[in-house]
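Shown next, in structure tokens, is the structure this report addresses.
The values are calculated or read from the model by the stated rules, or taken from the named source; none is laboratory data. Please read these numbers as outputs of a predicted model, since none were measured by experiment. Ideal geometry is used to build each Cβ from the backbone, glycine not excepted, and the neighbour counts take in all protein chains shown. SASA here: full protein model, heavy atoms, side chains in, ligands and nucleic acids out. Shrake-Rupley method; radii C 1.70, N 1.55, O 1.52, S 1.80 Å.
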Amino acid sequence: MEKIKQLQDEALGLIRQAKDLAELDSVRIRFLGKKGELTEVLKSLGSLSPEERPKVGALVNEAKVVVEVALNDQKVSLLAQAQKQKIAAEKIDITLPGKGIKLGKLHPLTQTMEQAKDIFLRLGFEIAEGPEVELEYYNFDGLNIPAHHPSRDVDSTFVIKDEVVMRTHTSPVQVRVMEKRQPPLAIIAPGRVFRRDYDATHSPVFQQLEGFLVNKNITFGDLKGVLTEFLRQMFGSEKKVRFRPSFFPFTEPSAEVDVECLKCGSEGQKGCNICKGTGWLEILGSGMIDPNVFKAVGYDPEKYTGFAFGVGIERIAMLKYGIDDIRLFYENDLRFLEQF
């Protein structure tokens, strides 16, 4: 019996000295394991007399309970200490400055396109779209562009196969819409177009916004009013706008539209890197829709008139932001894009 008390006291002493869970578990195994010292005492009960056996057995079981309770208490204490040390080690200095999150921005061409669309939507136009891979008929024939026109040459147009091309403008949408709908129509057709050009002011892929308006009694005065309002909202209400006679196969009469130089004004200044001293910047082409285009879609040109125009989004963006090389828009250089 004295030995049982010694084992219990020794176990309790080692439990109090245990510094971590591994050390505590070794104490458990030593006294309560399958071959533990208290377990061995229980195994020896068979060698005792019938009178001693229940007394010794009761003392051993009582000692085991005391040791198990002490083991559990010490385990809870060690876990709490470990948690406290972990929290202390992971302490966060809330006074340190946080890591900033860089927000993305729309590409300058997207910004320009969205601004152009918003202006025309406010003027009552609606948006229509068409395929980028287009039939020659819609890209050329339906727009009164003759077979011998240089724009149909393989040096100017990406040809996919016989009678199929990458559209060179978004004007085919004009024909497709008029084939399906009757006037009145006020449509803009934004989208990518493709031409065999590549230099500082031309890209083989660029964005264009085509627009047209068809109804009874539409005049060139309506065209001038709509485009002047568009350009003033895009470049500023104080900017002067002028219309110059020109020629396009799908409009008659036709006009190119200029806005006064954004840097030196309509008087122009020698050495201006934007207008080259002319005082004017060419923005878009326009005109009254040719009667032959109306005939191709089944409209009566004696009954309806209308105007059409086309503007390059890159052209507007280059002038608005003073950019002299169109290729900068497509190089994805963050040093360039972060300026907008």
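In this structure, the pairs whose alpha-carbon distance is over 31 Å, taken from Lys5/Lys75; Lys43/Lys84; Lys239/Lys270, are Lys43/Lys84.
Exceedance of the 23 Å cut-off in Cα-Cα distance is limited, within the set Lys34/Lys64; Lys161/Lys295; Lys105/Lys276; Lys34/Lys86; Lys240/Lys263, to Lys161/Lys295; Lys105/Lys276; Lys34/Lys86.
Projecting the Cα positions of Asn292, Phe340, Leu123 onto the charge dipole of the chain (unit charges on Cβ atoms of Lys, Arg, Asp and Glu, taken about the Cα centre) puts Phe340 furthest along the positive direction.
What full-extension length gain, to one decimal in nm, is calculated for Glu23 and Arg335 as 0.36 nm per residue of separation minus the Cα-Cα distance? All intermediate terms of the calculation are to be shown ahead of the outcome.
Working: separation 312, 0.36 × 312 = 112.32 nm, distance 6.03 nm.
Extra length available between Glu23 and Arg335 comes to 106.3 nm.
Whole-Hz Karplus values for the stretch 258-270 come out as 10, 10, 4, 4, 6, 9, 10, x, 5, 6, x, 9, 4 Hz, taken residue by residue from phi with 6.51 cos²θ - 1.76 cosθ + 1.60 and θ = phi - 60°; glycine and proline positions read x.
Taking N as the number of residues in the stretch 150-244, what is its alpha-carbon radius of gyration divided by 2.2 N^0.38 Å?
Values: Rg = 16.4 Å, N = 95, 2.2 N^0.38 = 12.4 Å.
Expressed relative to 2.2 N^0.38 Å, the Cα Rg reads 1.32.
Are there any trypsin sites (Lys or Arg not before Pro) in the stretch 138-244 that are in a DSSP loop and have at most 11 other Cβ atoms within 10 Å? List them by number. Sites meeting the loop and neighbour criteria: Lys216.
For the pair Val65 and Glu40, the difference between a 0.36 nm per residue extended length and the Cα-Cα distance amounts to 7.4 nm. Between Glu267 and Ala88, what is the label-point separation in nm under the 7 Å Cα-to-beta-carbon projection? With each label point 7 Å from Cα toward Cβ, the separation is 7.9 nm. Computed with a 1.4 Å probe over protein heavy atoms only, the accessible surface of the chain comes to 57 Å² per residue.
Two tests apply to each whole DSSP H helix in the chain, Cα reach of 30 Å or more along its axis and mean Kyte-Doolittle hydropathy of at least -1.0, and the ones passing both are 52-89. For the stretch 227-287, the list of GluC sites (Glu not before Pro) that fall in a loop by DSSP and count at most 12 other C-beta atoms within 10 angstrom reads Glu238, Glu267.
Using only Cα atoms, what Kirkwood radius does the stretch 190-327 have, in angstroms?
Working: mean 1/r = 0.0620 Å⁻¹.
About 16.1 Å for the stretch 190-327.
Remark: relative contact order (the chain) = 14 percent; criterion is Cα-Cα distance under 8 angstrom and separation of 6 or more residues.
Across the stretch 236-340, the mean sequence separation of Cα contacts (distance under 8 Å, 6 or more residues apart), normalised by length, yields a relative contact order of 20 percent. Measuring only protein heavy atoms, the 1.4 Å probe finds Thr39 accessible over about 20 Å². For Asp290, the amide hydrogen comes within under 5 Å of the amide hydrogens of Thr251, Glu252, counting only partners 5 or more places away or on other chains and with H modelled in the peptide plane.
By the helix-only formula, in which each DSSP H run with n ≥ 4 contributes -39500 (n - 2.57) and the sum is divided by residues, the chain has a 222 nm mean residue ellipticity of -12500 deg cm²/dmol.
The slack in the chain from Leu328 to Lys99, taken as 0.36 nm per residue of separation less the alpha-carbon distance, amounts to 79.4 nm. Taking chymotrypsin sites (Phe, Trp or Tyr not before Pro) across the stretch 188-228, the ones in a DSSP loop with at most 16 further Cβ atoms lying within 10 angstrom of their Cβ are Tyr198. Labels on offer are (i) 1.61; (ii) 0.97; (iii) 0.99, and the one holding Rg/Rh (Cα atoms, Kirkwood Rh) computed from this structure is (i).
Once you divide the Cα radius of gyration of the stretch 1-156 by 2.2 N^0.38 Å, the number left is 2.92.
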